[in-house]
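Right, one structure below, let's go through it.
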Ligand code: MLT
């Protein structure tokens, strides 16, 4: 079973973290949203405190989503609003496809709906091999310079927080997440059929997932709401209050 944090009562909202992070990125949003809602934030398989999948090389976004559903079943949560950051958004989209009747709203935070280009996919396999040989630190070295907007310098507490999170991640967890992301499907053609309120929350200075991809995703959603914040790839840490407010406005519609 996945490890998780939970706070509050009321309709349920589930927060999925991105790569290679853990549920603690949502601490501020848990505190804010739990005033009105039951907030559940799991660590995805192999990340944070959750055990890795048995065979990480077979990981898929659907498989990661299945682990989340198993946890929600265990907690007695039937219907819920689902927010995912970046890779968490890929998992959320896979869950929406397999369980549309249980998901009352979607929030895609600095995420995208397309699949990897062949070069990006190859890059993930190369990184997975490098991580196997050299350890988790290579991912921190590759990602940290691109993760935040220019206001967050290495002296900022969020920088150290994320660096520590990445370094503490298991090699199996990182590899599983990389394989799952590499294998994900192109969900763009499926966006127009999503019938629930869907927030697209984007960082204007996101250099991991460019703003245009969020704009394109929102344009393909019949029930989409686009919110742009002046930050990089980590709005929940870079602009915590505005992130909570955007999620609260979305939850008014989604729950
Ligand atoms: C993430 O932030 O979850 C990942 O960097 C997304 C990705 O690599 O596609």
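Taken together, the values in this text are just the output of simple stated rules run on the coordinates, not laboratory data. No experiment lies behind these values; they were computed from the predicted model shown. Counting neighbours? That spans all protein chains shown, and the Cβs are built from the backbone with ideal geometry, glycine included.
Quick notes
- Beta carbons closer than 7 Å, at least 6 apart along the sequence or on distinct chains, pair a first residue in segment 125-146 that is surrounded by 13 or more Cβ atoms within 10 Å (Cβ to Cβ) with a second that is not in a helix (DSSP H, G or I) for 136/169; 139/20.
- Qualifying residue in segment 186-206 (condition: under 16 Å from the mean Cα position of the chain (by Cα) and closer than 19 Å to residue 142 by Cα): yes
- Segment 145-161 - residue that is part of a helix (DSSP H, G or I) and more than 14 Å from residue 237 (Cβ to Cβ) and, of those, nearest to the ligand (Cβ to nearest atom): 146
- Filter result (within 24 Å of residue 200 (Cα to Cα) and more than 10 Å from the ligand (Cβ to nearest atom)) within segment 122-144: 144
- Total residues in segment 212-234, condition in a helix (DSSP H, G or I) and more than 19 Å from residue 253 (Cβ to Cβ): 4
- Identity of the residue in segment 190-201, in contact (Cβ under 8 Å) with a residue 40 or more places away in the chain and either within 13 Å of the ligand (Cβ to nearest atom) or assigned to a helix (DSSP H, G or I) (or both), that ends up surrounded by the most Cβ atoms within 10 Å (Cβ to Cβ): 191
- Tally of residues being more than 15 Å from residue 22 (Cα to Cα) and surrounded by 17 or more Cβ atoms within 10 Å (Cβ to Cβ) across segment 148-160: 3
- Of the helices (runs of 4 or more DSSP H) lying entirely inside segment 5-100, those containing at least 2 residues that are within 16 Å of the ligand (Cβ to nearest atom) are 61-74, 87-98.
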